[in-house]
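Report on the following structure.
The values are calculated or read from the model by the stated rules, or taken from the named source; none is laboratory data. Bear in mind the structure is a predicted one, so any value in this text is a computation, not a measurement. SASA here: full protein model, heavy atoms, side chains in, ligands and nucleic acids out. Shrake-Rupley method; radii C 1.70, N 1.55, O 1.52, S 1.80 Å.
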Amino acid sequence: MLDYASTQKLNHVTSFTETLCQKGYTVTTQGMCIERIPAPSFISQQLNLKENEIVYYIQRVQCINNKPIGIIENYLNAEMFPDLPKYADTFVSLYKFLENHYHLVITEAHERISASGATFIESQILQVPAQTPLLVSKRITFTPKGPFDYSKLKVIADKYEYSIYLQNRQ
């Protein structure tokens with residue numbers, strides 16, 4: 001049995017950071033960049049935006065006990081979060097920050113999980129050998145009015161796992 005840092009249960013919407021904190025880890029963000037960019041075509045489709053509508057592109061490295069564990073990228077509907085860039089480096093959990101500061105109500109998320117080997121750059125950021133297995137989570141998160149966030153998480157595979165509860169058969 002592997003000694004995972006944490007297990008995220010996929011029965012309700014929770015974030016990577018919230019899951020780690022609930023397990024008692026000290027979670028920090030090693031670096032954060034928030035940029036206003038025209039939405040790439042794929043992101044426009046995922047967030048139901050017009051082509052080239054402005055989004056916030058957030059990149060950050062999450063650490064537990066001062067060791068990098070994951071790389072997170074978020075694309076947020078910029079219209080919903082005025083002045084977000086001025087809050088760079090002031091929060092660790094994006095969802096908690098958006099809920100508290102912007103009174104965001106998160107209702108659901110659609111998530112896909114796959115695996116990949118760490119690229120050279122990812123291996124340098126996460127301080128692991130190149131091609132180390134990573135879990136890759138791609139998620140679209142919704143409010144009552146529709147999607148607001150597309151995120152991609154790459155986390156060291158032997159440090160994290162997902163737990164899915166299944167019930168009944170169709």
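Results, tabulated for the structure shown:
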| quantity | calculated |
| --- | --- |
| Extension gain (nm, one decimal) between Lys50 and Ile37, 0.36 nm per residue minus Cα-Cα | 3.4 nm |
| Region 65-170: Cα Rg divided by the 2.2 N^0.38 Å rule of thumb | 1.23 |
| Accessible surface of region 1-152, 1.4 Å probe, proportion on carbon and sulfur as whole % | 51 percent |
| For region 47-72 and region 78-105, distance of Cα centres in Å | 12 Å |
